[in-house]
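Undergrad: Provided herewith is a single structure, encoded as structure tokens, for subsequent inquiry.
The values are calculated or read from the model by the stated rules, or taken from the named source; none is laboratory data. Note that the coordinates shown come from a computational prediction; the quantities given were computed from them, not determined experimentally. Positions of Cβ are backbone-derived with ideal geometry, glycine not excepted, and every protein chain shown enters the neighbour counts. Areas reflect the complete protein model, heavy atoms only, side chains present, ligands, DNA and RNA absent. Shrake-Rupley method; radii C 1.70, N 1.55, O 1.52, S 1.80 Å.
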Amino acid sequence: MKHICLLFLTALGYITVQAARIIGTVTDDKGNVLPYASILVKGSTRGVTANNEGKYFLDLSPGTYTLVCQYVGYAREEKKITVGQEGLTVDFRLSLLQLSMADVVVRPGGEDPAYEIIRHAIKKRKDYESPLDSFTCEAYIKTLIKSRKMPKRVFGQKIEEKDKQEMGVDSAGKGILYLSESLTKLSYKKRPENIKLEVLSGRESGGNGYGFSLPTFINFYNNNVYVLAPQLNPRGFISPIAASALHYYRYKYLGSFFEDGKEINKIQVIPRRKYEPLFSGTIDIVDGDWRIHSLDLRLDKQSQLEILDTLSIRQIHAPIGGNVWQVKDQVVYFTFNIMGFDAIGNFLNVYNNYDVAPRWRKRWFNNVLMKYDTAANKKTRAYWDSIRPLPLEPEEVTNYTIRDSIYRSTLDSAGSRRNRDSLLKRQGHVKFGQVMYSGFSRSNFRQPSPFRYSMDPLLPNIGYNTVEGINANIHGTLSKSFDQGARVLAFDPHIRYGFHNTRLNAWAAITLYQRSIPGGGEELSSTRQTWSLSGGKRVVQFNQDKPITELVNSLYTLLFRRNYMKIYEQWFGRIAYDIRMDNGLVIKADIAYEDRLPIDNTTDYSLIHYKDRVFTPNYPSEKLTEQFPRHQAVISDIALEYQPGQRFIEFPRRKVAIGSEYPTFSLAYQRGWSGVLGSDVNFDKWQFSLWDDVNFRLKGVLRYRLGIGGFINDRSVFIQDYQHFNGNQTAIANQYLNGFQLAPYYANSTTASFYATGHAEHHFNGLLTNKIPLFRRLNWHLVAGSNAFYVNRDNNYVEVFGGLENIFKIFRVDVIASYLNGHYGQTGVRVGFGGLIGSGFRARGR
């Protein structure tokens, strides 16, 4: 009986302290909704945000409260309420701010009073940049992307109705493309500066993802502001209250208003020049404190904004304790129109539950920047209804309902024969066009260990050279996954046939990829391991870095009668092992046997003939007077690569490295083993390298790569094992930061005991070109730098270059001057990939 009474009293107590729900709508005085208005509980850090329809809800325990409703550009409204057991409806009707210009006199030719206010704000900027030594808070993040229009085809491929349904849009291409929510806890410590994010929960409409879980912190107290991602502008954007802001902005005093006895100054922010990384809009500054009260700022193409067409930021700041203010809520609106996809969206961040005196356990701050709770994506609908600081809109409710239902149905039938048949049918049969032009990839969809096979397209892999004539390369991959993808076993066959020399080369590799999966009680690891066994007969370049591609060589051979690529055949067998450890250390080791066979030119054909041009022999004639002899080589390699300060994102079953602010270091050693399996080589070679990207924000990005190395022992070294410097004699640029654009391919190859290389290029990212009318509209960017190597006073090379990149977002063109052994060499032009999209092509090309 006693236990029953205790249970009854506990239940009664629970009922009596249950929160009541306050609901309402925020509109202007004409009845128009005010989307994403901020509603706060006065005297606390609690608050919510209205949705896009101006509707909000707030759960409060019984008591008396004052609700404060704010919206940028509108007068704040307060309402005192008494909360009991029943819910309440509390609507807000906000009026446009009535700005006062009292006691403000602007004389003709005199300075606008806004400038003095901004000067005060600039002086106080550092005090507010990071006002707390430590704190924690929770950020509710909601991401919404809606399509307004879609193309009928993408790259010639028709967008089917079924594809539109899966994307969540109607037949006209309108609808929600992406919808997610997450709750993330932020921990911050100033000394030493550390940040850690805990994703407590996350959901994606129509999937089992975690949603967009990274808070979009935009701190306008910083001189240089990153918005969402560096790709939107690598230079960042200049804050309206940056130390140098007066050189970039004009200001206009619009008036003031009062809140809680404090005068708030509204100032219009106007860029002095177009095509600079600058904001426009309004910023509200608290008089006397000179802190940001709220802001409404905008970026567009004239702000050097990339990818997006427009981006607007609205922030409301609020006190969180004492004299400390932080961002209470923030909405980032954006639009884009890319390849016929016309879309709008927003990122909503609501910050709550600030703790300005947090305590953390030992070693809380470590190399994990962001950690996902093991149950982050397993929360119920009731959970989301209880923590969400704003109601979902009807369209969002419908989207969640339909797409989540489709997803659950797919999961329920994932292993069923019916679902497999459906997936196989949709995958379709292999088509002739795929075999010839685009390649294909297929799966049998047998869970949990699916089998996949793929094949590269045939036509792009047909080439021409003076040794084989027309040659065809066939490459495919067969793979099978185990342990939910933790282990993958792959088989890669390669077949190459030369139609003129009628030689067939075939080789294959068997590779096992494995990532660590924690067992019971084990710490999560990011370790990745790869074992590989390969062998057969293949065609390779003398320089294994492949300074010229097969495609470029084919074009130059046929059109310009230049056979720059030098190749030979080898029978080989190779065993390799790679491991990437938790601390960021990468170890690579391999040992290979090679039987190297010389092959000579067999055809003199080219589409265009030149009287003064003949094909050169198929060996590096700059270093050799005749073809190399057939020989055998057993060579082992070991390489260490390390980037200090590596940070990670930790998911429930894996860790992902996200880089570091420090350079990457590499040390490699190669040995040629004399007498082993008849090996004719005998040498020892070492190399040390370091590379990094340094972002100077407004001044651009510096990328560099430095290296030294040499031969400790060169008793028996064949041309294949020399130290080669990646030259280039075509108009198509070779590897940036690892190549020499005007150097010969093999003339400088060496077995010296020491050499040094250096590559540096500065990407101005719009600096300077934004002063030139044509270039600033095109958004073409300057790039400049130098490449050099030094062996000795008789073998050294320097080239300097300047050019333009981001041409049509893809291309880069450089003008280069070279100096060989201290004397002027030549001047040339090189065309390659570079810019917003082109850099991605270049990275994939490596």
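Undergrad: Label points 7 Å out from Cα along the Cβ direction at ARG408 and ASP421: separation in nm?
TA: Result for the modelled spin labels: 2.5 nm.
Undergrad: Lys and Arg at +1, Asp and Glu at -1: add these up for the other residues within a Cβ distance under 11 Å of GLU550 and post the number.
TA: Cβ neighbours under 11 Å give a net charge of +1.
Undergrad: Out of (i) 1.04; (ii) 1.02; (iii) 0.96, which label holds the value of Rg/Rh (Cα atoms, Kirkwood Rh) that was computed here?
TA: (ii)
Undergrad: Scanning the chain for helices, which whole DSSP H stretches are 24 Å or more long along the axis (Cα) and average -1.0 or more by Kyte-Doolittle?
TA: Passing helices, by number: 394-412.
Undergrad: Between the stretch 290-365 and the stretch 43-97, what's the alpha-carbon centroid distance in Å?
TA: 21 Å
Undergrad: Here's another thing I want to ask about it. How large is ³J(HN,Hα), in whole Hz, for each residue of the stretch 472-483 in order, when computed from phi with the Karplus curve 6.51 cos²θ - 1.76 cosθ + 1.60 and θ = phi - 60°, using x for Gly and Pro?
TA: 10, 10, 10, 9, x, 9, 10, 9, 9, 9, 9, 6
Undergrad: A further question on this structure: Cross-link partners among lysines for LYS162, C-alpha distance below 30 Å, same-chain residues fewer than 8 apart left out?
TA: Candidates past the 8-residue exclusion: LYS142, LYS146, LYS149, LYS152, LYS174, LYS378, LYS379, LYS425, LYS431, LYS480.
Undergrad: To continue, here is another question. List the aspartates and glutamates whose Cα sits under 18 Å from the Cα of LYS252, skipping any in the same chain fewer than 8 residues away.
TA: Partners found: ASP103, GLU111, ASP112, GLU116, GLU263, ASP284, ASP287, ASP296.
Undergrad: Using a 1.4 angstrom probe on the protein heavy atoms only, could you order ILE307, ILE402, ILE285 from most to least accessible area?
TA: Largest to smallest exposure gives the sequence ILE402, ILE307, ILE285.
Undergrad: Report, in deg cm²/dmol and to the nearest 500, the calculated mean residue ellipticity at 222 nm for the chain, where each DSSP H run with n ≥ 4 adds -39500 (n - 2.57) and the sum is divided by the residue count.
TA: -3500 deg cm²/dmol
Undergrad: Now, a different point. So what's the gap between the Cα centers of the stretch 784-846 and the stretch 227-250, to the nearest angstrom?
TA: Here the answer is 30 Å between Cα centres.
Undergrad: Here's something else I'd like to know. Which of LYS80/LYS185; LYS124/LYS262; LYS30/LYS80; LYS588/LYS623; LYS42/LYS328 have a Cα-Cα distance over 20 Å?
TA: In this structure, LYS80/LYS185; LYS30/LYS80; LYS588/LYS623 exceed 20 Å between Cα atoms.
Undergrad: Quick one: which residues, 5 or more positions from ALA743 or on another chain, have an amide H under 5 Å from its amide H? H modelled 1.01 Å from N in the peptide plane, none for Pro or chain starts.
TA: ASN728
Undergrad: Out of the DSSP beta bridges found with both residues in the chain, what percent are antiparallel (nearest 5)?
TA: Given both bridge residues lie in the chain, the antiparallel proportion sits at roughly 95 percent.
Undergrad: Quick check on the stretch 23-64: take the gyration tensor over C-alpha atoms, sort the square-rooted eigenvalues as a ≥ b ≥ c, and tell me if it's rounded (a/c under 1.5), prolate or oblate.
TA: prolate
Undergrad: Among VAL48, VAL435, what's the order by accessible area (1.4 angstrom probe), most exposed first?
TA: From most exposed to least exposed: VAL435, VAL48.
Undergrad: Continuing with the same structure: Each residue of the stretch 584-597 in order: what ³J(HN,Hα) in whole Hz does its phi give by Karplus 6.51 cos²θ - 1.76 cosθ + 1.60, θ = phi - 60°, with x for Gly and Pro?
TA: Result, rounded to whole Hz: x, 6, 10, 10, 10, 9, 7, 9, 9, 10, 9, 10, 9, 10.
Undergrad: Same structure, new question: Quick check: residue separation of VAL90 and LYS123 times 0.36 nm, minus the Cα distance between them. What number comes out in nm?
TA: Using 0.36 nm per residue and subtracting the Cα-Cα distance, I get 7.8 nm.
Undergrad: On to the next question. Under 17 Å Cα to Cα from LYS196, which aspartates and glutamates show up? Leave out anything in the same chain fewer than 8 places away.
TA: Partners found: ASP133, GLU138, ASP355, ASP373, GLU650, GLU661.
Undergrad: Please report the net charge: other residues with Cβ closer than 11 Å to the Cβ of LYS124, K and R +1, D and E -1.
TA: +2
Undergrad: Consider just the alpha-carbon atoms of the stretch 86-200 and return their Rg together with their Dmax, both in angstrom.
TA: For the stretch 86-200, the Cα radius of gyration and maximum Cα-Cα distance read 25.2, 66 Å.
Undergrad: Using only Cα atoms, locate the centre of the stretch 631-666 and the centre of the stretch 715-747, then give the distance between them in Å, rounded to an integer.
TA: The distance from the Cα centre of the stretch 631-666 to that of the stretch 715-747 comes to 25 Å.
Undergrad: Starting from 0 in steps of 10 Å, tell me what percent of the Cα-Cα pairs of the stretch 534-646 lands in each bin.
TA: In order of increasing distance, the bins hold 12, 31, 27, 18, 9, 2, 0 percent.
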